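The values are calculated or read from the model by the stated rules, or taken from the named source; none is laboratory data. Values in this document were obtained by computation on a predicted structure and should not be read as measured data. Cβ sites come from the backbone with ideal geometry, for glycine too, and all protein chains shown count toward neighbours. Accessible surface areas use protein heavy atoms only, side chains included; no ligands, DNA or RNA. Shrake-Rupley method; radii C 1.70, N 1.55, O 1.52, S 1.80 Å.
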Amino acid sequence: MTGEAVLEAIDVVKELGSGAGKITALKGVSMTLKAGELTLLMGPSGSGKTTLLSILGCIMTPTSGMIRVAGNDTEGQTPEQLARIRRDHIGYIFQSYNLFPTLSALENVRIALDVRGKKGFKAAARAEECLREVGLGHRLKNHPANMSGGEQQRVAVARAIATSPSVILADEPTAALDTTNGQQVMELLARIAKEQNRSVLVVTHDPRTKPYADRTVYIEDGQIVREERRPEGLDAPEIADLTKRRKVHG
Amino acid sequence: MILTLAFRNLFHDRIRLVVTLVGILFSIVLVAVQLGLYLGSSRMITSNIDHTDAELWITTFGAKSFEDGGLLLKSAERHQALATPGVAKVVPLVVSFAEWRKPSGGSTRVVVVGSDPEDGGFEPWGFRNGTWEDVKSPEGVAIDKSYLRELDVTGIGDSAQVGEGRVRVKALTEGIRSFTQSPYVYTTLARARHLLGLDVVAGDATSFFLVKLAPGADLETVRNNLKSRLESAEVLTRDEFRDRSLTTWLFKTGAGVALIGGAFLGLLVGTVIVAQTLYSSTKDHLNEFATLRALGSSSGYIHKVILGQAGLSAVIGYVLGMAIALAVVFASRDTPLPLVMTPWLAVVLFAVTLFMCAISALSAIMKVTKIDPAMVFNR
Ligand SMILES: Nc1ncnc2c1ncn2[C@@H]1O[C@H](COP(=O)(O)OP(=O)(O)OP(=O)(O)O)[C@@H](O)[C@H]1O
Ligand SMILES: [Mg+2]
């Protein structure tokens with residue numbers, strides 16, 4: 001089931017660097033992300049995946065072309081306005097988690113809410129709810145240094161979903177994880193796309209992530225070369241409920 | 001969360017925190033000591049003037065301070081002043097340097113202050129032992145107990161030779177310090193003149209006349225009137241004379257400039273240290289700030305985190321710095337130049353600390369403003 005277009009890139013060109021080192025990282029890319037869909041973005045190293053993700057997420061602006069977030073053109077927006085779009089619409093997950101080492105798991109999620117002006121008891125409750133959702137209800141007070149990579153990435157997922165963004169962008173979220181942990185994170189992301197009707201875009205090199213995708217987009221040398229869609233009726237692998245699994249163990 | 005993050009960033013690197021706090025401490029203590037000295041000096045310079053209740057001072061022309069009155073005024077001026085409309089009282093006050101011959105040999109310079117409080121003159125304050133009544137008894141003088149050793153006496157009843165006569169310590173005050181480091185010796189007008197050898201040659205010689213106005217008299221009118229009558233004298237309000245004394249001692253001598261300059265230097269060094277540590281802390285946490293930015297935080301939010309760090313450092317540094325400053329003030333209470341700490345100065349110091357830390361945060365804020373959130377991907 002797919003919904004409306006929440007994020008669109010239209011004919012995006014991005015030049016990076018300057019002088020002799022100047023390259024065109026994206027050469028006219030168009031892409032639409034829809035609610036309830038998990039999209040994989042695959043391609044060789046240096047093909048422009050991270051660049052595209054940054055532009056889709058309004059972290060970078062395109063040299064030419066257009067980005068539409070929830071139907072609104074982002075052209076000409078100031079850095080502060082772009083920040084506002086990010087906090088209102090977009091959740092990020094990074095390869096190296098980017099958690100705050102001095103904050104506990106709960107605080108790491110709370111800060112994403114705090115940035116959006118959501119404070120106090122309600123924010124704490126929401127942060128806790130999200131951590132339970134990713135199976136970390138028992139790890140609220142732990143600091144990143146005392147958590148496994150998989151747990152840290154799940155904290156990052158909780159942080160990304162806490163603010164209920166319409167789009168979640170993940171840059172190689174499983175690259176630093178072993179198979180089991182990588183699968184857990186992918187299962188989570190697929191479940192979030194389905195159950196919470198969000199649009200999820202995952203940049204990856206990892207072929208093991210393919211089964212979770214509704215759609216896979218291939219990029220090479222700054223251009224989209226191919227797109228695959230999962231045949232209708234074929235479901236993703238069992239989407240585990242980590243909350244339940246925790247209970248069995250605990 | 002802003003304060004939580006600021007707090008954690010601050011305590012994350014303990015060594016840097018210590019350096020920051022030492023910088024703030026250094027600044028606060030230095031500024032407190034310099035300004036405390038300044039206040040202490042000002043108080044010493046003006047305390048005698050502040051303890052009179054006369055509205056106007058008649059001084060010889062160009063008298064620069066309490067100690068600089070000379071002995072040139074005569075009763076002629078007093079009568080002229082008394083004849084001025086609106087003048088209720090004109091009370092003579094003698095202030096002059098004299099030699100205090102120590103009982104066991106040698107001598108030291110003192111300032112003899114003679115006046116009759118019962119006539120509306122000036123009376124020393126802070127009596128610890130004895131009273132003005134005791135000073136009025138034969139040979140009686142009052143000195144401050146902090147100068148006992150310097151004057152080579154042990155206490156009440158000891159005597160010494162001052163100028164032309166003998167004196168006996170009949171009363172001790174506490175807290176009357178002299179900026180010139182020549183102790184004040186308080187006595188009656190007649191005895192002061194006697195000690196200074198004036199009773200023989202010029203029994204009416206006086207340093208100042210303290211003028212009290214009649215009820216309802218207008219200060220400016222009386223003053224202008226007095227001015228026109230007294231050609232060789234100056235007529236100053238108490239505040240004018242006070243300010244003139246301060247300017248003379250603190251600014252003409254450069255002492256005040258040195259004190260205020262020292263305070264500024266302290267601030268400067270503190271600012272540089274705090275700016276340096278805040279900057280390096282911000283650099284260390286740059287990835288976190290970039291992450292915040294990628295999560296959509298406004299730049300204001302990030303600035304608040306940095307200002308929070310600065311503010312927290314300021315508060316902690318201030319508390320510790322004040323504790324040390326107060327200890328220094330306490331330790332200085334019996335020295336010739338005691339430091340002064342007032343609630344007002346404490347508030348000023350806190351404001352100065354906050355201001356210093358805010359200024360220090362500027363370089364860090366500038367660094368973080370240039371942050372590109374795209375750096376979160378390049379790790
Ligand atoms: N700041 C930059 N300045 C100049 N060139 C850059 C910059 N950032 C990236 N590039 C170049 O742009 C191209 C696309 O980079 P991008 O990071 O999007 O690739 P990628 O597909 O994410 O690669 P990887 O799989 O290795 O992460 C590469 O050739 C890269 O060298
Ligand atoms: Mg990349």
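Quick look at the values:
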{"quantity": "Area projected by the alpha carbon convex hull of region B:109-181, averaged over all directions, nm²", "calculated": "4.8 nm²"}
{"quantity": "Solvent-accessible area lost in complex, 20 Å² minimum, residues of region A:90-108 relative to chain alone, 1.4 Å", "calculated": "A:Y92, A:F94, A:S96, A:N98, A:F100, A:P101, A:T102, A:L103, A:E107"}
{"quantity": "Convex hull projection area averaged over all views, region A:113-224, Cα basis, nm²", "calculated": "8.1 nm²"}
{"quantity": "Net charge of Cβ neighbours under 13 Å - reference A:H143; Lys, Arg +1; Asp, Glu -1", "calculated": "+1"}
{"quantity": "Options B:G114, B:G86, B:P183, ranked by Cα towards positive dipole end of region B:62-231, top entry (Cβ charges)", "calculated": "B:P183"}
{"quantity": "Net charge of neighbours whose Cβ lies under 9 Å from the Cβ of B:S146, counting Lys and Arg as +1 and Asp and Glu as -1", "calculated": "-1"}
{"quantity": "Estimated buried accessible area (total), pair B and A, 1.4 Å, Å² to nearest 100", "calculated": "2400 Å²"}
{"quantity": "Accessible surface of region B:62-231, 1.4 Å probe, proportion on carbon and sulfur as whole %", "calculated": "49 percent"}
{"quantity": "Distance (nanometres) between label positions extended 7 Å along Cα→Cβ at A:E15 and B:L82", "calculated": "9.9 nm"}
{"quantity": "Spatial separation of Cα centroids for region A:94-165 and region A:1-72, in angstrom", "calculated": "27 Å"}
{"quantity": "Restricting region B:125-214 to trypsin sites (Lys or Arg not before Pro) in coil, as DSSP defines it, with at most 15 other Cβ within 10 Å", "calculated": "B:R149"}
{"quantity": "Span-like helix ranges in chain B, DSSP H, alpha carbon extent 27 angstrom or more, Kyte mean at least 0.5", "calculated": "B:14-50, B:255-284, B:299-331, B:343-369"}
{"quantity": "Of B:K89/B:K136; A:K122/B:K367; A:K14/B:K370, pairs whose Cα-Cα distance is over 29 Å", "calculated": "A:K122/B:K367"}
{"quantity": "Convex hull volume of region B:1-130 per residue (C-alpha atoms, cubic angstrom)", "calculated": "281 Å³"}
{"quantity": "Centroid-to-centroid separation of region B:285-326 and region B:86-152 [C-alpha atoms, Å]", "calculated": "56 Å"}
{"quantity": "Solvent-accessible area lost in complex, 50 Å² minimum, residues of region A:45-70 relative to chain alone, 1.4 Å", "calculated": "A:I59"}
{"quantity": "Whole-percent pair-distance distribution, where bins are 10 Å wide, for the alpha carbons of region B:263-346", "calculated": "14, 33, 25, 16, 9, 3, 0"}
{"quantity": "Alpha carbon convex hull of region B:174-285, volume per residue in cubic angstrom", "calculated": "249 Å³"}
{"quantity": "Mean Cα-pair separation over length for region A:5-248, i.e. relative contact order, pairs under 8 Å, 6 or more apart, %", "calculated": "28 percent"}
{"quantity": "Apportionment of accessible area to carbon and sulfur, chain A, percent (1.4 Å)", "calculated": "49 percent"}
{"quantity": "Per residue accessible area of the protein assembly as shown, 1.4 Å probe, in Å²", "calculated": "43 Å²"}
{"quantity": "Point-charge dipole on Cβ atoms (K/R +1, D/E -1) for chain B, about Cα centre, debye to 20", "calculated": "1400 debye"}
{"quantity": "Highest-fluctuation residue, B:L345, B:L73, B:L30 considered, GNM on chain B with Cα pairs under 10 Å", "calculated": "B:L345"}
{"quantity": "Within chain A, longest stretch clear of exposed GluC sites (Glu not before Pro) (DSSP loop, no more than 16 other Cβ within 10 Å)", "calculated": "A:76-231"}
{"quantity": "Descending semi-axes in whole angstrom, ellipsoid equivalent of region B:62-231, from the Cα gyration tensor", "calculated": "31, 16, 14"}
{"quantity": "Listed residues B:I324, B:L259, B:S245: farthest to the positive end of the dipole of region B:235-333 (Cβ charges)", "calculated": "B:S245"}
{"quantity": "Chain-alone versus full-assembly comparison, region B:1-31, residues with accessible loss of at least 50 Å² (1.4 Å probe)", "calculated": "B:M1, B:L5, B:R8"}
{"quantity": "Cα Rg over Rh - chain B, Kirkwood", "calculated": "1.19"}
{"quantity": "Charge dipole (debye, nearest 20) of the protein assembly as shown; +1 at Cβ of Lys and Arg, -1 at Cβ of Asp and Glu", "calculated": "1280 debye"}
{"quantity": "Spherically averaged projected area of the protein assembly as shown from its Cα convex hull (nm²)", "calculated": "42.3 nm²"}
{"quantity": "Cβ charges +1 (Lys, Arg) and -1 (Asp, Glu), total dipole of region B:62-231, debye", "calculated": "140 debye"}
{"quantity": "Choice from A:T174, A:T102, A:T51 showing the highest fluctuation, given a GNM over chain A with Cα pairs closer than 10 Å", "calculated": "A:T102"}
{"quantity": "Heavy atoms of B:Y318 accessible to a 1.4 Å probe, total area in Å² rounded to 10", "calculated": "30 Å²"}
{"quantity": "In nm, spacing of pseudo-spin labels at B:D218 and B:E231 (7 Å Cα→C-beta vector)", "calculated": "2.7 nm"}
{"quantity": "Kirkwood-based Rg to Rh ratio, region A:104-144, C-alpha trace", "calculated": "0.95"}
{"quantity": "Over region A:1-119: Rg over Rh, Cα atoms, Kirkwood Rh", "calculated": "0.99"}
{"quantity": "Within region B:231-256, backbone nitrogen closer than 15 Å to the virtual label 7 Å beyond the Cα of B:A202 toward Cβ", "calculated": "B:232-234"}
{"quantity": "Semi-axis lengths (Å, descending) of the ellipsoid that matches the C-alpha gyration tensor of chain A", "calculated": "29, 21, 17"}
{"quantity": "Global geometry of region B:151-227, whether rounded, prolate or oblate, following the gyration tensor of its Cα atoms and the 1.5 cut on a/c", "calculated": "prolate"}
